[in-house]
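The values are calculated or read from the model by the stated rules, or taken from the named source; none is laboratory data. Note that the structure is a prediction, hence the values are computed from the model and not measured. Note that each Cβ is placed from the backbone with ideal geometry, even for glycine, and that neighbours are counted across all protein chains shown.
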Amino acid sequence: MSRYRLLPTPAQEAILRGHCSHARYVWNLAVEQHQHWRPGRAAAPGYLEQCRQLTQARAEHAWLEAGSQMVQQQALRDFGAAMAAFFDPGNPAGRPTWRKAARNEGFRIVAVRPGHVRRLSRKTGEVWVPKAGWVRFRWSRPVPPAARSYRITMDRAGRWHVAFAVIPDPVSAPGNGEIVGIDRGVAVSAALSTGELLCVPGVTAPERARMRRLERKLARGRRGSNRRGRVRLAIARMRARETDRRKDWAEKASTDLARRFDLIRVEDLKIMNMTRSARGTLQEPGRNVGQKAGLTRGILRSGWGLLVRRLEQKAPGRVEKISPAFTSQRCSACGRVDPKSRESQAVFRCTACGYACHADVNAARNIAAGHAVTARGGDGVARPVNREPQLLLQSA
Ligand SMILES: [Zn+2]
């Protein structure tokens, strides 16, 4: 996703804000409809039925009618795609949830034919938006010619961006026959079987201190006061910068890995499942719930999902997902599986052969070897026990 700073005129900005609230309204209606759905009931309305309902809603609400039908229909289509991703077992996507004002401001345009983006000068370009016309943006790098779909967003700091959805070009394999395993950690974002530790650029200590200061200020400030608004804006800017850095890291790391290795092996660990499993079931309450909640936050923050998605796009057919079972307890030197070998979060010391290594690197080596199967030598497709079927059992 290449993102560009959008520079709407004040009049255009008012129209864009309208599009945002229409898209959010339509999306939230769809979320509401799907929330009423339970297994066994008639299917929740699909896209076509929702479009019919949208036409009806537009006839009833002048506010909605005044907006762009293209923007509103696209919100429904995006919702459909999000639901499909949610039901896709191979996609680590959560259930589409409510969009909140000021937090999720954006809408998407799918141009019917090319020519909706044009360059004005060396530093400026224009993108076409329904009702608003041509909106300028900063031409900070080449716009991919194949881009036909773009998303316009306003971040919490009030900045507008346009992002052109393009699937990155595949990077050609080096042809050296080398295989790398990647283990996602929390302390380090990713460990490679080569021994390298990749860290998502997080927040620096001075930034963290500043953030704490701002948060204290925010807590003290009077609700609705100007000063409080300014503090909120400053916090939003800092968060936006953090997100940018993480995205940038995923882009660079994925290109680098796709260039250096022929085969890339990662854990087949679904963020959604990890998020879900912490709370456990009634019969078997989750262990270390608080600890796992922190862990989950760390994983989400480390941008792992984005890294894997980019790897699959840049190295199509060269990414293998390996079952993660016992990768952290297995010795990558002798193959012995023993939970006691994992001395601490960071240190692995084999109880059988004495091999010692950074715990995440040891896990990455197991992943690279594709060894990450069950303790007693399973078939390699062993699945973690605590998964979806339990949802069905509970509702039965
Ligand atoms: Zn060993």
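Some observations on this one:
- Number of residues in the range 197-240 that are surrounded by 14 or more Cβ atoms within 10 Å (Cβ to Cβ), in a loop (DSSP other than H, G, I, E, B) and of a type outside the set (A, V, I, L, M, F, W, C) equals 2.
- The sole residue among SER332, SER344 that is modelled with pLDDT of 90 or more and not in a helix (DSSP H, G or I) is SER332.
- Identity of the residue in the range 311-369, of a type in the set (Lys, Arg) and within 11 Å of the ligand (Cβ to nearest atom), that ends up surrounded by the fewest Cβ atoms within 10 Å (Cβ to Cβ): ARG336
- Tally, over the range 333-355, of residues that are over 19 Å from GLY195 (Cβ atoms) and touching a helix residue (DSSP H, G or I) at 6+ places or on another chain (Cβ under 6 Å): 1
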